[in-house]
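Attaching a single structure in structure tokens format; questions to follow.
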Amino acid sequence: MKPSEFQYHAPTTVDEAARLLGTLEDARVLAGGQSLMPMMNFRYLMTSHLIDLNGVDALTRIEERDGRLHIGAMARQRDIELSPLVTKRAPLIREAYQLVSHKQIRNRGTLGGSLCQLDPSSEQPCFTAALDGVLTIARYEDGAVTHRELPMSDWALMYMTPALEEGELLAGISLDIWPEGHGYAFEEFARRHGDYAIVGVAALCTADARGNIDRLSLTICGVAPGPVRMHDVETALRGRPMDDSALRIASDAARALDVMTDAHVSTDYRQHLAGVLTERALKRAFSRVARHNVE
């Protein structure tokens, strides 16, 4: 199969890309192409204009600025995974990426593309939510390019539908940097290595001077159209010991979630996985904090 006829555009700046997207009728943006190109080749999706972002170098940066980790929307997944800065400042991301598809896919796929695709089972929206991600969105209007910021918690409108208005472009993502020595873990279950996860869990935590939970982030994917941040559990466990009781509280809350279902996985099974994986993720995150405290 081959795509229907379209006009190709190759901007080299964010402003140029935003202007094209804001002025052309029936335009689509090409990032890594892992989802868009198969749909175009099978003509599930047809467009009059294709705006290729691969020449916009400003969208590929990975840097620390103003106390947060900033990643351009066009940063390759493999580049993020192997970035020394990401490994040092947000090791959860590296661990999560090792579960994302296969290296060949990560060599082309982008963080921004995954966030815009917004598959409910994707690891990337999950770790973005866990790290209190803020998305920078560019828009061309009235002859000028403007930017707005949107928290990841407001990103998912509905199933595979991000909160992008017509003509808007995801430009970058900023993420919280946790203190050195924090605990972290990403757990998921997929039928085969490289498959989409059925359920995944991202956990981060720190300990206070007594070794109790000081700060906690717990996020689950694969149970709703967007990642679910377990704020009630995070609040309930603050100040408690990192013990089996804390694991049970979190696991029980995950099992009680009102989860989505489909033709392949029942509600009960998805809830079961949410509980089991929550316990596993927290247990590993706790152990990493404990090791740091001993050292």
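Please determine, by comparing only the residues of region 224-241 that are out of contact with any strand residue (DSSP E or B) (no Cβ under 6 Å at 6 or more places or on another chain) and among the aliphatic types (A, V, I, L, M), which one is nearest to residue 156 (Cα to Cα). Walk me through it before giving the result.
The initial filter retains those residues of region 224-241 that are out of contact with any strand residue (DSSP E or B) (no Cβ under 6 Å at 6 or more places or on another chain), namely 224, 231-232, 235-236.
Pick out the ones that are also among the aliphatic types (A, V, I, L, M) and you get 224, 236.
Working: 224: 10, 236: 26 Å.
Here the residue is 224.
Within region 248-266, take every residue that is surrounded by 19 or more Cβ atoms within 10 Å (Cβ to Cβ) and closer than 15 Å to residue 285 by Cβ and give me the one that is nearest to the chain's Cα centre (by Cα).
Only one residue fits best here, namely 254.
Taking residue 203, is it within 19 Å of the chain's Cα centre (by Cα), of a type outside the set (Lys, Arg), closer than 25 Å to residue 152 by Cβ and surrounded by 19 or more Cβ atoms within 10 Å (Cβ to Cβ)? It would help to see each step written out before you state the result.
Working: within 19 Å of the chain's Cα centre (by Cα): yes; of a type outside the set (Lys, Arg): yes; closer than 25 Å to residue 152 by Cβ: yes; surrounded by 19 or more Cβ atoms within 10 Å (Cβ to Cβ): yes.
Answer is yes for this residue.
Every residue in region 95-118 that is within 23 Å of residue 218 (Cβ to Cβ) and buried (at least 18 other Cβ atoms within 10 Å of the Cβ), please.
If we filter region 95-118 for residues that are within 23 Å of residue 218 (Cβ to Cβ), which is where we start, we get 95-100, 111, 114-115, 118.
Within region 95-118, 95, 96, 97, 100, 111, 114, 115, 118 meet the criteria.
Tell me which residues, restricted to region 137-162, are within 13 Å of residue 125 (Cβ to Cβ) and touching a helix residue (DSSP H, G or I) at 6+ places or on another chain (Cβ under 6 Å).
152, 162
Tell me, please, whether a residue that is farther than 24 Å from residue 167 by Cβ and modelled with pLDDT under 95 can be found in region 28-41.
First pass over region 28-41, keeping only residues farther than 24 Å from residue 167 by Cβ: 38, 41.
Pick out the ones that are also modelled with pLDDT under 95 and you get 38, 41.
So far as region 28-41 goes, yes, one or more of its residues are farther than 24 Å from residue 167 by Cβ and modelled with pLDDT under 95.
When you check residue 184 against the structure, is it among the aromatic types (Phe, Trp, Tyr) and surrounded by 23 or more Cβ atoms within 10 Å (Cβ to Cβ), yes or no? I'd like the intermediate steps shown before the answer.
Values: among the aromatic types (Phe, Trp, Tyr): yes; surrounded by 23 or more Cβ atoms within 10 Å (Cβ to Cβ): yes.
It is true that residue 184 is among the aromatic types (Phe, Trp, Tyr) and surrounded by 23 or more Cβ atoms within 10 Å (Cβ to Cβ).
Which ones in region 73-114 are without any contact (Cβ under 8 Å) to a residue 24 or more places away in the chain, touching a Phe, Trp or Tyr at 6+ places or on another chain (Cβ under 9 Å) and either outside the structural domain of residue 149 (by TED's automatic domain parsing) or under 23 Å from residue 29 (Cα atoms) (or both)?
none
Another one. Does residue 105 satisfy the criteria of being of a type in the set (A, V, I, L, M, F, W, C), under 12 Å from the mean Cα position of the chain (by Cα) and in a helix (DSSP H, G or I)?
Details: of a type in the set (A, V, I, L, M, F, W, C): yes; under 12 Å from the mean Cα position of the chain (by Cα): no; in a helix (DSSP H, G or I): yes.
No; evaluated as a whole, the condition is false for this residue.
Hey, can you tell me all the residues within region 136-166 that are among the hydrophobic types (A, V, I, L, M, F, W, C) and touching a Phe, Trp or Tyr at 6+ places or on another chain (Cβ under 6 Å)? Explain how you work it out, then say what you get.
Filtering region 136-166 down to residues among the hydrophobic types (A, V, I, L, M, F, W, C) leaves 137-138, 144-145, 150, 152, 155-158, 160, 163-164.
The one that is among the hydrophobic types (A, V, I, L, M, F, W, C) and touching a Phe, Trp or Tyr at 6+ places or on another chain (Cβ under 6 Å): 163.
The values are calculated or read from the model by the stated rules, or taken from the named source; none is laboratory data. Every value quoted in this text rests on a predicted model; they were computed, and no experiment measured them. Neighbour counts run over all protein chains shown; Cβ positions are idealised from the backbone, glycine included.
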